[in-house]
1. From the phi of every residue in region 318-327, what ³J(HN,Hα) in whole Hz does the Karplus formula 6.51 cos²θ - 1.76 cosθ + 1.60 yield, where θ is phi - 60° and glycine or proline is x?
2. Counting only helical runs of four or more DSSP H residues, what would the 222 nm mean residue ellipticity of the chain come to if each run contributes -39,500 (n - 2.57) and the total is spread over all its residues?
3. Taking the Cα centre of the chain as origin, sum charge times position over the Cβ atoms of Lys and Arg (+1) and Asp and Glu (-1), and report the length of that vector in debye to the nearest 20.
4. Go through region 196-202 residue by residue and turn each phi into a ³J(HN,Hα) via Karplus (6.51, -1.76, 1.60, θ = phi - 60°); whole Hz please, and just put x for glycine and proline.
5. Sorted by packing (mean other beta-carbon atoms within 10 Å per residue), highest first, where do 167-174, 250-257, 185-192 land?
6. Multiplying the sequence separation of residue 345 and residue 438 by 0.36 nm and subtracting their Cα-Cα distance, what value in nm do you get?
7. Of all accessible surface on the chain at a 1.4 Å probe, what whole percent is carbon and sulfur?
8. Considering the convex hull of the alpha carbon atoms of region 171-244, report its projected area averaged over all viewing directions, in nm², one decimal.
Amino acid sequence: MSGDYVTPLDRTMAESYCHKVLDEVKHRLVDVSARGLAEAIGRAVGDGALTPGARLPPVRKVAVALQMSPTTVSAAWQLLRRSGTIRTDGRRGTIVAEDRLSGPGRYRAALRGRSGFPLDLSTGVPDASLLPLLPPLAGLSPAPTSYLDEPVLPALAALLRQSWPYPPERLAIFDGAMDAIDHVASALLRLGDRAVVENPCFPPLLDLLEALGVQVIGAGTDEQGMRPDELSAALAHRPTAVFLQPRAHNPTGASWSGSRAASLAAVLAQTPQVYAVEDDSAGEVSSAELFSLGSHLPRQTIHVRSFSKSHGPDLRLAAVGAPAAVLDPILERRLLGQGWTSRLLQHLLLALLTDPASIAAVEHARTTYAARRRAVASALSLPPGDGLNLWLPVADEQAALISLASAGIAAAAGAAFTVGPGSPHLRVTVGLIAADHAAVAARLAEAARAPAQAVPR
């Protein structure tokens, strides 16, 4: 007998399941349109009535049951796919996409299905048109005389030390900020350790800590970043490290003031065995002044400066300043792997940091991002903040994503950025809004109001 044979009992169970799904959707349907149907299914997913992996009935069956045209149902399915709520899974048909909160891969899940939008504000990447052009290099990068040469070009190290927020004991170059944080976290943390992070937080950091078997403790934030009282409460759990962003916090745009940095340092000083890992991810495109815990606690601070937002994500370079006790073992261990970050790329970074045209381009990018963010934040009555991103409070994430998808706009679901339960938000990369700020802000405001409530049964 064929393995594809379907018994009458199988058909009965399938019909029963189909009716159950349709019943859940009917109870939530308030607008008989493609967007209304998409929002109803989005609410059913948000309520937990439709779980990840749940199969949706065929388009024609939905159309008959809800008295809609197949074209309208197909359009709703397209909106749901673009918002990342559903996906096609071969012979299983159309199913509810995996939970954004399941890891690893929070960030990938939050951005799943976001490609192909006329205006993609989900990515967090800089505007390519604002990146500096590559300057001509003054000769070739000198070839190493030994595999044990200094890992940082001396001229680059000297330049970085001039602009570092405090005198670092050791300085190194890594293949991007997350590569640096990966090395640092792997050196500091062991299975079962605890680490404090900002809440909300950059999702890849949460994925990294989870992969290391580290228990994450979220500390709340405000318009100046991590709150000292929240840090104090988190330190009572005896963590090994604290991960923070001093300015242009991703996703909220918060930046420390001098007094906030001093307050956080005063709290951390009570636990001298705990290291603070600062991720200055926005770097030179941040408009905020840089304050570092290293100015107060140099022996506890590991400061990471990224050049991805300012000079190009594909440059893959970040600098790290840290105590020798932390950085020296990492560099020794690194000799057994890639050894060092390409000196040719370091030579290019040195040229970018000293070339007048490149310096001017970064300054232009910094003022442009600030203007774009101010324009949208002001229209939405949100704090101006700093950096490329805006943390948009919404009534319901699914409904907001679907509303934006109907306007051809993509954003990132806020659930991927939060530690534990939190209020619904979207992360919007406003640094990519080059024109029509008022019109885009109006669309964002409309999406933020998209209702979360289910229709009473």
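The values are calculated or read from the model by the stated rules, or taken from the named source; none is laboratory data. Just so you know, these numbers come straight off a predicted model, no measurement behind them. Positions of Cβ are backbone-derived with ideal geometry, glycine not excepted, and every protein chain shown enters the neighbour counts. These accessible areas exclude ligands, DNA and RNA; they are computed on the full protein's heavy atoms, side chains included. Shrake-Rupley method; radii C 1.70, N 1.55, O 1.52, S 1.80 Å.
1. Once θ is set to phi - 60°, the couplings for region 318-327 become 8, 9, 10, x, 7, x, 4, 4, 8, 7 Hz.
2. -12500 deg cm²/dmol
3. 1060
4. 9, 10, 5, 10, x, 9, 5
5. 250-257, 167-174, 185-192
6. Working: separation 93, 0.36 × 93 = 33.48 nm, distance 3.99 nm.
Separation in residues times 0.36 nm, less the Cα-Cα distance, equals 29.5 nm.
7. 56
8. 5.3
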